[in-house]
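*Asks:* The structure under discussion is supplied below as structure tokens; questions concerning it will follow.
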Amino acid sequence: MLSLIINNVVIFAGIGGFLALLLVIADYFLANYGDCQIDINGKKKLTVKGGSSLLNSLAENNVFIPSACGGRGTCGLCKVKVKEGGGPLLPTERPYLDADELKNGVRLSCQVKVKEDIIISIPEALFSIRKFKGVVETIIDYTYDTKGLVIKLIEPAKIDFKAGQYIQLESKKYAKSKQVVSRAYSMANCPENNNVVELIIRRVPDGIMTTFVHDYLKKDDELYLTGPYGDFFIRDTDTDMIFVAGGSGMAPFKGIIEDLYKKESKQHIVYFFGARTTEDLFLVDEMKEYEKKMADFTFIPVISQPEKSPDWKGESGYIPPLLDKHIRDPKNTEGYLCGSPALIASTEKKMKELGIENVYYDSFG
Ligand code: FES
């Protein structure tokens, strides 16, 4: 009897799944939504062919919404406010939206399919994001798994940005991947050098983009990117600042420190840079040079696995317990963090415990 029930459940589940699949295929191949209008902020109207995601429909019309996962619904960055149209909220969107956002009609634009006229609202700043064509000028081997890229911009030839912001880089098809993806990377140059985009890219095992960059990309190759995005930049204050980065989280701070140096900043700045072993450290000499050149800048590399680097004489262990002795006045200090979600969470918690109210971060998560 029990096996009969299980058999029936399996058969019905199979039929249900098959019908759902048929509906998806039919929707993909047969549905014709015709032309649809996207009204943006009541100021701009786009006519697009229905059937694509809102994210892609906007990008095809040079309106670029942040997206680090290439539209797979896993980064939660592509939020827009949908005032009308857009269909029902999908289960894939819910984990990325808080109660306020749900109430206000915020949606993940990569999950919203344009099937009818839509009215949306986006921050005005997104209108200034551009698509750039560039060529690879230099590839630098920082460590065994981390490369630096210098991309010379061709069209447009300059990018206006604030030190610390990010761009989205487009990959190309290559032997191991027919998929073209777009991934977010912080700019590692300062705004004064606005004819190039410098990136620091650490290899992710089997990552489509990082395999492309590490194994296939060559000098003089053409690339496309969009930007600038994000609000990870130094606030215009004269407070003390604590920077904390892990791995390729070095990128925005490289640009920020170059920028502060050029502006002759006198602020008290302490920069903790975390790496697993000495083999994972890079740009240490350059940062030590800034210690000499800047009024009040200290660079502290920290190794988390000192047992693998027996000759290491510097700081080791976790960064948060090291913060106390470098904070002069928590009420007059800002924290800036870039790295893994775990590093951000533990450092932010410690900074708040120490009384630092303003903590800004850029997470890899
Ligand atoms: S693009 Fe990443 S969630 Fe939409």
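*Asks:* So what are the three principal axis dimensions of region 122-267 from its Cα atoms, in whole Å, longest to shortest?
*Replies:* Principal extents (largest minus smallest coordinate, Cα): 51, 35, 28 Å.
*Asks:* If you don't mind, another one. Which of ASP39, ASP220, ASP206 moves the most in a Gaussian network model of the chain with Cα springs under 10 Å?
*Replies:* Top of the fluctuation ranking is ASP206.
*Asks:* Then there is this: Convex hull volume of the Cα atoms in the chain, per residue, in Å³?
*Replies:* On the way: hull volume 74.3 nm³, N = 365.
Dividing the Cα hull volume of the chain by its residues yields 203 Å³.
*Asks:* Return one whole number: the accessible area per residue of the chain in Å², for a 1.4 Å probe. Don't skip to the end; give the middle numbers.
*Replies:* Working: 18870 Å² over 365 residues.
Heavy-atom SASA per residue in the chain reads 52 Å².
*Asks:* Binning at 10 angstrom from zero up to the longest distance, how are the C-alpha pair distances of region 181-337 distributed in percent?
*Replies:* The percentages, shortest bin first, are 9, 35, 35, 18, 3.
*Asks:* Can you tell me the equivalent ellipsoid semi-axes for region 264-365? Use √(5λ) from the Cα gyration tensor, largest first, whole Å.
*Replies:* 22, 19, 12
*Asks:* For region 233-317, state which trypsin sites (Lys or Arg not before Pro) are in a DSSP loop and have at most 16 other beta carbons lying within 10 Å of their beta carbon.
*Replies:* Of the trypsin sites (Lys or Arg not before Pro), the ones in loops of region 233-317 whose Cβ has at most 16 other Cβ atoms within 10 Å are ARG235, LYS263, LYS266, ARG276, LYS313.
*Asks:* Another question, if that's okay. Which residue, GLY51, GLY335, TYR261, has the largest displacement toward the positive end of the dipole of the chain when charges sit on each Cβ (Lys, Arg +1; Asp, Glu -1)?
*Replies:* It is GLY51.
*Asks:* While we're on this one: So which GluC sites (Glu not before Pro) in region 300-365 end up in coil per DSSP with only 14 or fewer other C-beta atoms within 10 Å?
*Replies:* Of the GluC sites (Glu not before Pro), the ones in loops of region 300-365 whose Cβ has at most 14 other Cβ atoms within 10 Å are GLU357.
*Asks:* A follow-up question, please. About the Cα centre, and with charges only on the beta carbon of Lys, Arg (+1) and Asp, Glu (-1), how big is the dipole of the chain? Nearest 20 debye, please.
*Replies:* 820 debye
*Asks:* Put a dot 7 Å past each Cα toward the Cβ at THR74 and ALA99; how far apart are the dots in nm?
*Replies:* Between ALA99 and THR74, the label points sit 3.0 nm apart.
*Asks:* Rounded to the nearest whole Å³, what is the per residue volume of the convex hull around the Cα atoms of region 149-211? Walk me through the intermediate numbers first.
*Replies:* Values: hull volume 5.4 nm³, N = 63.
It is 85 Å³ per residue.
*Asks:* With each label point set 7 Å from Cα along the Cα-Cβ vector, what nm distance links LYS44 and GLU137?
*Replies:* A separation of 2.8 nm, rounded to one decimal place.
*Asks:* Still on this structure, I have one more. Give me the percent relative contact order of region 277-365, please, defined on Cα pairs under 8 angstrom at least 6 residues apart.
*Replies:* 22 percent
*Asks:* Right, next: Of TYR290, MET209, PRO301, which is farthest on the positive side of the dipole of the chain, counting Cα position, with +1 on Lys and Arg Cβ, -1 on Asp and Glu Cβ, and the Cα centre as origin?
*Replies:* Comparing the listed Cα positions along the dipole, MET209 ranks first.
*Asks:* Continuing with the same structure: Tell me the carbon and sulfur percent of the accessible area for region 207-294, rounded to whole percent, probe radius 1.4 Å.
*Replies:* Percent of accessible area from carbon and sulfur atoms in region 207-294: 46.
*Asks:* Let me ask something else about it. Among THR92, THR211, THR146, determine the one that fluctuates most according to a GNM of the chain built with springs between C-alpha atoms less than 10 Å apart.
*Replies:* It is THR92.
*Asks:* While we're looking at this one, here's another question. So what does log10 I(q)/I(0) come out to for region 32-182 at q = 0.09 Å⁻¹, using the Debye formula with one equal point on every Cα and no solvent?
*Replies:* -0.35
*Asks:* Report the Cα centroid-to-centroid distance between region 116-138 and region 218-243 in angstrom, as an integer.
*Replies:* 16 Å
*Asks:* Grab the beta carbon distance between ASP215 and GLU116, set R0 = 41 Å, and tell me the FRET efficiency rounded to 0.05. Let's see the in-between values first.
*Replies:* Working: r = 43 Å, r/R0 = 1.05.
Calculated transfer efficiency: 0.40.
*Asks:* About its Cα centre, what dipole magnitude does region 144-275 give when the only charges are +1 on Lys and Arg Cβ and -1 on Asp and Glu Cβ, stated in debye to the nearest 20? Let's see the in-between values first.
*Replies:* On the way: 18 positive and 18 negative charges, 98 e Å.
Dipole size: approximately 480 debye.
The values are calculated or read from the model by the stated rules, or taken from the named source; none is laboratory data. Just so it is clear, the structure is predicted and the values come from calculations on it, not from any experiment. As a convention, Cβ positions derive from the backbone with ideal geometry for all residues, glycine included, and neighbour counts pool all protein chains shown. We work out accessible area using only protein heavy atoms, side chains counted, and drop any ligands, DNA or RNA first. Shrake-Rupley method; radii C 1.70, N 1.55, O 1.52, S 1.80 Å.
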